[in-house]
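Student: There's a structure below that I have some questions on.
The values are calculated or read from the model by the stated rules, or taken from the named source; none is laboratory data. From a predicted model like this one, the values you see are computed outputs, not experimental measurements. Cβ placement follows ideal geometry from the backbone for every residue including glycine, while neighbour counts extend to all protein chains displayed.
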Amino acid sequence: MAGILTRKKKGNSDSPSNATEVKKIAIVGLPNTGKSLIFNNLTGEYTLVANYPLTTVEMKRTRCHIDGELYEVIDTPGLHCLYIHSEEELVVRDMIFSEKPDIIIQCIDANQLKQSLTLTADLLELGIPMVISLNAIDETARRGIWIDSGGLSRHLGIPVIESIAVNGLGTNQLKAAIGKARVGKWPVKYGEIIDNGISAIASELPEDVRFKRKAAVLLLLDDPFLVDYLTKKYGVEKIAQLTEQVNRIKKQFRANIGHAINNKRSRWVEELAENTTRKQKVTPGEFSKAFGRLSRHPVFGIPILIFFLLMTFMLVVHVAGFLDGILSATLLDPTIGLIEGFFKAEDGSIKAQFWYDFLVGHYGVLTLGLFNAIVTVLPILSVFFLMFGFLEDIGYMPSLCVLVKRVFEKIGLTGKAIMPLVLALGCKTMATLFTKSLRSRKEKFIAVYLIAFAIPCAAQLAIDMGIIGKLGNLRLLGFLIAYGTLAIVEIGAGFLLNKMIKDDKKSDFLQELPAIRIPNPKAIIVKTYYRLYWFLKEALPIFIIAAAALFFVDKIGLLDLIKTVLSPVVVGWLGLPLDIVDALILSLARHEAAAGLLLNMVDAGALNFIQCIVAVVITTMFVPCFANIVAMCKQMGVKTGIAMAVAINMSSFVLAGILNWILVFTVGRWIL
């Protein structure tokens with residue numbers, strides 16, 4: 001919390017920034033209210049958006065011109081109120097108190113007006129100019145609910161702009177309102193004793209504490225983060241005197257002062273929502289609510305999950321295979337033919353064999369590097385990301401969290417630990433970073449380990465589906481065996497860790513459930529485009545460098561030596577061809593590169609049914625990507641993070657070998 005609540009020293013104003021400084025706009029709001037959409041619309045940048053909470057786990061900043069003036073716009077994680085309940089909320093409050101943005105844009109989902117107005121009351125008390133973006137008004141209209149944005153603006157004394165952020169509607173009006181942002185009306189009077197007590201506490205706070213009134217209210221509410229910070233910064237003696245005064249004021253008030261403050265605010269929220277909202281007496285039935293309940297149901301939710309998995313699998317198999325064929329015919333084959341023609345001598349031999357092999361040989365930077373990424377991997381990711389984006393935007397992911405809650409509770413994970421494991425299906429690194437909100441060391445350890453272990457990220461899952469999809473009539477059986485194995489291994493590891501690690505404090509299960517929405521096709525396409533763009537930007541150089549590294553390692557004979565050393569394990573224990581070592585080495589750089597090589601091996605007939613399944617399982621478990629290892633070390637410490645990675649790698653070989661021999665003595669007898 002370093003820096004929170006502190007003013008700049010004399011010589012710098014505590015008022016809005018000087019003319020030479022860039023003004024700051026902080027976009028705040030409850031989770032899943034469209035903050036990142038507003039950020040994208042205002043700045044022209046793109047940050048990932050989805051219809052579920054916690055999509056934004058860290059603040060993002062960018063500078064842009066709005067109506068000719070330069071601003072720094074800050075996208076923030078979700079915030080319920082300024083009385084902090086979690087570490088990620090503390091980061092947002094710390095930014096507001098320490099940086100004092102010139103303007104706050106509060107995003108309010110029109111479907112959550114009452115919940116959002118509680119945060120509005122907190123923000124108004126800060127005295128910072130504000131604008132409200134009232135988002136998703138199209139949804140409330142379909143439900144027969146009308147919100148009087150003009151009346152809301154008059155009550156609060158600040159501009160309220162209606163918007164449909166997913167379509168960009170209201171963006172121009174919001175940009176115009178930024179120049180008209182103003183300090184709102186402080187809406188709540190707590191009563192003479194409390195209001196006088198707030199003033200008395202505020203006058204006793206150190207001079208450099210910002211937002212004294214709000215700080216005084218938080219002290220009366222026993223905000224633990226604020227008390228700890230003030231004690232560390234100003235000393236036990238100074239804060240002890242302040243605490244004594246807070247306690248004296250509490251004793252003057254016969255009832256619970258915290259309840260009194262919250263009740264006053266709740267009544268204000270109820271009255272304001274009542275005065276500015278109109279509802280039809282007859283409203284149409286809502287399929288979305290019924291579907292949401294069914295997708296979370298312990299019985300009906302399972303078939304829905306299986307349906308989505310099979311739909312994704314079949315799309316990857318058929319559509320991605322079709323795209324692969326087109327790219328091979330139009331890009332890969334003509335390029336290789338052109339290069340072969342350039343290097344081929346009149347007698348049919350290859351000139352400059354070294355450079356020919358370097359470009360289009362078995363470890364060529366074009367064949368194994370560039371075209372492996374563009375022709376083999378990209379079509380599969382394109383189809384998978386479209387489907388994954390659809391599931392995100394309809395709001396299915398939080399329902400999946402509730403569905404699998406019973407299983408996770410058996411392995412020591414409750415509350416906030418559930419969402420990161422589901423988010424790992426999108427990006428394991430982001431999911432690992434989110435575990436910082438877990439206060440239980442035990443839950444954090446188990447969650448970080450399981451995220452890195454047998455959960456495939458979106459890219460890995462997509463490529464694995466492509467590999468298994470090439471098994472012909474046995475593809476569904478292969479899919480069930482491979483992912484059934486990964487699920488059993490993941491749950492088993494959780495059970496084992498839960499038994500080994502001493503019990504610790506567990507968090508409650510509180511999962512915000514967004515409305516099931518009809519997704520915007522344009523938004524899904526844009527999100528898929530950016531995911532593919534980020535993949536190519538990050539992965540393409542790694543694919544090429546990894547291919548070049550393998551080429552040179554092979555040329556100097558080191559690759560053959562590695563294969564000879566690993567032969568007893570790879571061939572004898574895992575039952576895989578020795579060339580699988582190439583894929584394991586590529587996994588050290590990028591899992592998708594290894595999976596792309598496996599796809600080529602399947603096409604060449606180098607892997608049979610059992611080998612395909614074992615290869616998918618071991619490459620999924622083997623070596624978390626480098627970014628994920630860094631995130632593991634950041635959350636758990638370097639020693640623990642590295643120890644986790646080593647344990648995961650060792651267990652991946654052991655478990656994949658066991659799977660191989662189980663399959664050999666069961667399905668192998670009638671399939672092979």
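Student: Being closer than 23 Å to Ile374 by Cβ and aliphatic (A, V, I, L, M) is the requirement here; does Leu655 meet it? Give the steps one after another, and end with the answer.
Tutor: Numbers: closer than 23 Å to Ile374 by Cβ: no; aliphatic (A, V, I, L, M): yes.
No; evaluated as a whole, the condition is false for this residue.
Student: Then there is this: Here is a check on your reading of the model: is Glu512 modelled with pLDDT under 85, part of a loop (DSSP other than H, G, I, E, B) and acidic (Asp, Glu)? Can you show your working first?
Tutor: Values: modelled with pLDDT under 85: yes; part of a loop (DSSP other than H, G, I, E, B): yes; acidic (Asp, Glu): yes.
In short, yes.
Student: Right, here's the next one. Looking at (1) closer than 23 Å to Thr429 by Cα; (2) not in a helix (DSSP H, G or I), which one does Leu576 not meet, given that it meets all the others?
Tutor: Checking Leu576 against (1) closer than 23 Å to Thr429 by Cα; (2) not in a helix (DSSP H, G or I), the one that fails is (1).
Each row is one residue, and each column tells you yes or no for (1) surrounded by 16 or more Cβ atoms within 10 Å (Cβ to Cβ); (2) in contact with a Gly (Cβ under 8 Å, 6 or more places away or on another chain); (3) in the same structural domain as Asp324 (by TED's automatic domain parsing).
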{"site": "Leu338", "(1), (2), (3)": "no, no, yes"}
{"site": "Phe342", "(1), (2), (3)": "no, no, yes"}
{"site": "Asp347", "(1), (2), (3)": "no, no, yes"}
{"site": "Leu359", "(1), (2), (3)": "yes, no, yes"}
{"site": "Val377", "(1), (2), (3)": "yes, yes, yes"}
{"site": "Ser382", "(1), (2), (3)": "yes, no, yes"}
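Student: Starting from residues that are surrounded by 11 or more Cβ atoms within 10 Å (Cβ to Cβ) and of a type outside the set (S, T, N, Q), keep the ones in the range 245-258 and report whichever is nearest to Ala216 (Cα to Cα).
Tutor: Across the range 245-258, the extreme among qualifying residues is Val246.
Student: May I pose another question? Tell me the residue from Leu480, Leu486 that is assigned by TED's automatic domain parsing to the domain that holds Met311, surrounded by 14 or more Cβ atoms within 10 Å (Cβ to Cβ) and at pLDDT 90 or above, please.
Tutor: Numbers: Leu480 fails: surrounded by 14 or more Cβ atoms within 10 Å (Cβ to Cβ).
After ruling out the rest, the residue left standing is Leu486.
Student: Of Met601, Met644, Met632, which residue is in contact with a Gly (Cβ under 8 Å, 6 or more places away or on another chain), in the same structural domain as Gly369 (by TED's automatic domain parsing) and not charged (D, E, K, R)?
Tutor: Working: Met601 fails: in contact with a Gly (Cβ under 8 Å, 6 or more places away or on another chain); Met644 fails: in contact with a Gly (Cβ under 8 Å, 6 or more places away or on another chain).
Being in contact with a Gly (Cβ under 8 Å, 6 or more places away or on another chain), in the same structural domain as Gly369 (by TED's automatic domain parsing) and not charged (D, E, K, R) holds for just one of Met601, Met644, Met632, which is Met632.
Student: Free of Cβ contacts under 8 Å to residues at least 24 places away in the same chain, within 26 Å of Phe388 (Cβ to Cβ) and not small (Gly, Ala, Ser): is that true of Phe300 in this structure?
Tutor: Values: free of Cβ contacts under 8 Å to residues at least 24 places away in the same chain: yes; within 26 Å of Phe388 (Cβ to Cβ): yes; not small (Gly, Ala, Ser): yes.
Spelling it out, Phe300 is indeed free of Cβ contacts under 8 Å to residues at least 24 places away in the same chain, within 26 Å of Phe388 (Cβ to Cβ) and not small (Gly, Ala, Ser).
Student: Residue by residue through the range 28-69, note down the ones that are polar (S, T, N, Q) and at pLDDT below 85.
Tutor: In the first step, residues of the range 28-69 are kept if they are polar (S, T, N, Q); the result is 32-33, 36, 40-41, 43, 47, 51, 55-56, 62.
Of everything in the range 28-69, those that are polar (S, T, N, Q) and at pLDDT below 85 turn out to be Asn32, Thr47, Asn51, Thr55, Thr56.
Student: So, one more: Report those helices (runs of 4 or more DSSP H) wholly inside the range 149-257 carrying at least 3 residues which are more than 32 Å from the chain's Cα centre (by Cα) and under 28 Å from Ala273 (Cβ atoms). Can you show your working first?
Tutor: Numbers: elements: 149-156, 171-178, 192-204, 212-220, 224-234, 236-252.
Qualifying helices (runs of 4 or more DSSP H): 149-156, 192-204, 212-220.
Student: Name the pairs whose Cβ atoms lie under 6 Å apart, with the first residue in the range 111-136 and surrounded by fewer than 19 Cβ atoms within 10 Å (Cβ to Cβ), the second in a strand (DSSP E or B) and modelled with pLDDT under 90, and 6 or more positions between them or separate chains?
Tutor: Qualifying pairs under 6 Å: none.
Student: Look through the range 619-672, keep the residues that are aromatic (Phe, Trp, Tyr) and assigned to a helix (DSSP H, G or I), and return whichever of them is surrounded by the fewest Cβ atoms within 10 Å (Cβ to Cβ). Outline the logic, then answer.
Tutor: Of the residues in the range 619-672, the ones aromatic (Phe, Trp, Tyr) are 622, 626, 653, 661, 665, 670.
Retained after the next criterion (residues that are assigned to a helix (DSSP H, G or I)): 626, 653, 661, 665, 670.
On the way: Phe626: 13, Phe653: 18, Trp661: 15, Phe665: 9, Trp670: 6.
So the residue we want is Trp670.
Student: Now for a separate question. Got at least one residue in the range 582-602 being without any contact (Cβ under 8 Å) to a residue 12 or more places away in the chain, part of a helix (DSSP H, G or I), touching a helix residue (DSSP H, G or I) at 6+ places or on another chain (Cβ under 8 Å) and over 18 Å from Ile542 (Cβ atoms)? Working first, answer last.
Tutor: Let us first name the residues in the range 582-602 that are without any contact (Cβ under 8 Å) to a residue 12 or more places away in the chain, namely none.
No, the range 582-602 has no match at all.
Student: Answer with yes or no whether Leu599 is modelled with pLDDT under 90, within 30 Å of Glu139 (Cα to Cα) and of a type outside the set (S, T, N, Q). Outline the logic, then answer.
Tutor: Numbers: modelled with pLDDT under 90: yes; within 30 Å of Glu139 (Cα to Cα): no; of a type outside the set (S, T, N, Q): yes.
Criteria not met by Leu599.
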